[in-house]
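What follows is a structure written as structure tokens; I'll ask about it next.
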Amino acid sequence: MNWIKKDLIGLENLTKEEIETILKTAVSFKEISSRQVKKVPALRGKTVVNLFFEPSTRTKTSFELAAKRLSADVLSFEVASSSISKGETIVDTAQNIEAMKVDCFIVRHSVAGAPELISRNVSSAVINAGDGCHEHPTQALLDLFTVKENLGKIKGLKISIVGDILHSRVARSNIWGFTKLGAKVFVCGPPPIIPADAEKMGAKITYDIEEAIKDADVIYLLRLQKERQKENFLSSLKEYSYFYGIDENRYKKIKKGAVIMHPGPMNRGVEIKSDIAERENSLILEQVTNGIAVRMAVLYLTIGSRK
Ligand code: CP
């Protein structure tokens, strides 16, 4: 394998070749989850710690299953009942857990930079499972994997990411990932929640949903992140849904063969009409399935060959 790094903090600092190595490795791991015995010994003897300071359904479960399918031991650290509540810092917490001889931390935190701060203070691998509005690299990797699997390529595709781009770590990681692999990325939403630096990252900004949908190969929907909005950027969810939600009328304008994606959790009836999420061209649950293979690949490449 030619991708051996201590940590995975974001896609911004990965090369196209490194991203492709992870995706190729994930292809070989995908089949394991359809076996009757879903386990291989690749990470036997390794210990992976889930350190989630924010809620999660998909990412936390998926990392745990990925590690277990590679035969690693998994510890899900309970933040609420830990000494963090007595004032212990996240660095002290990580260093104390590391003193028990673990190999990898999977970190989710509401503050951008928290996984990197931990990574600088431990010798174990650190994988970012979503930090504030910064990055969510394994979400973008599983999205790249899902698009490649369904549409056969990434280069040259039009990917339209619609929603709260300003507060979305998923959007940021996806902009880095899709542009590095040669796709044209559009970001779309109301002006207050579209960051100007999206263009510097390589995306094209549009405030017009019709332009975003036109000829898009992938319509990637995001929810409005109320928990990260410090100000009231929008007058109402109803208004957002009216101007930017995918309803029947907009669905009809999507080109034949295009797919709909969403990282979850979805706000049904806001960014997407509920039954559209279940149609044939929706990849939403496939994204979740592929999350296991991609996270197995990331764990394997990160700690599989470390002494
Ligand atoms: N997509 C995603 O990160 O979902 P969770 O918050 O449930 O992990």
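Values in this text are rule-based calculations from the coordinates and carry no lab data. Everything numeric here is computed off the predicted structure, so don't read it as measured data. So basically every Cβ, Gly included, is an ideal-geometry build from the backbone, and we count neighbours across all protein chains shown.
If we restrict to alpha carbons, what Rg and Dmax does the stretch 137-284 come to, in Å?
13.9, 41
Separation of the stretch 242-276 and the stretch 72-93 by C-alpha centroid, Å?
For the stretch 242-276 versus the stretch 72-93, the Cα centre distance is 38 Å.
Out of residues 5 or more away from Ser282 or on other chains, whose amide H comes under 5 Å of its own, with H placed 1.01 Å from N in the peptide plane?
Residues meeting the amide H criterion: Ile260.
So, one more: Please name whichever of Ile9, Val111, Gly132 sits farthest to the positive end of the charge dipole of the stretch 1-137, dipole taken about the Cα centre and charges placed at Cβ: Lys and Arg +1, Asp and Glu -1.
Value computed over the given set: Ile9.
Straight distance only, please: which aspartates and glutamates reach the Cα of Lys253 with their own Cα at less than 13 Å, same-chain residues fewer than 8 apart left out?
Those aspartates and glutamates meeting the cut-off are Glu210, Glu211, Asp215, Asp217.
Taking only Cα atoms, what is the 0 to 90° angle, nearest 10, from helix 284-303's long axis to the longest principal axis of the chain?
Computed tilt is about 30 degrees.
Order 116-122, 13-19 from most to least packed using the mean count of other Cβ atoms within 10 Å.
Taking the mean over residues of other Cβ atoms within 10 Å, the ranking is 116-122, 13-19.
In nm, to one decimal, how far is the modelled label at Lys16 from the one at Asp73, with both set 7 Å along Cα→Cβ?
4.3 nm
Also, quick follow-up: Can you give the charge dipole size of the stretch 1-137 about its Cα centre, rounded to the nearest 20 debye, using +1 on the beta carbon of Lys and Arg and -1 on the beta carbon of Asp and Glu?
The calculation lands at about 700 debye.
May I ask you to list the residues of the stretch 42-81 whose amide nitrogen lies under 13 Å from a point 7 Å from Cα along the Cα→beta-carbon direction of Lys101?
Answer for this model: 45-47.
I'd like the Karplus ³J(HN,Hα) series for the stretch 196-208: coefficients 6.51, -1.76, 1.60, θ = phi - 60°, whole numbers in Hz, and an x wherever there's a Gly or Pro.
Listing the rounded values in order: 5, 6, 4, 5, 5, 7, x, 8, 9, 8, 9, 9, 10 Hz.
Kindly rank 175-185, 54-64 from highest to lowest mean number of other beta carbons found within 10 Å of each residue.
175-185, 54-64
Just list whichever of Lys6/Lys46; Lys24/Lys200; Lys60/Lys155; Lys153/Lys238; Lys16/Lys204 have alpha carbons separated by over 25 Å in the model shown.
Violating the 25 Å Cα-Cα cut-off are Lys24/Lys200; Lys60/Lys155; Lys153/Lys238.
Right, another one. Considering all projection directions equally, how large on average is the shadow of the alpha-carbon convex hull of the chain, in square nanometres?
On the way: hull surface 63.1 nm².
Dividing the Cα hull surface by four gives the mean projection, 15.8 nm².
Angle, helix 16-30 long axis vs. longest principal axis of the chain, Cα atoms, 0 to 90°, nearest 10?
Tilt relative to the chain: about 80 degrees.
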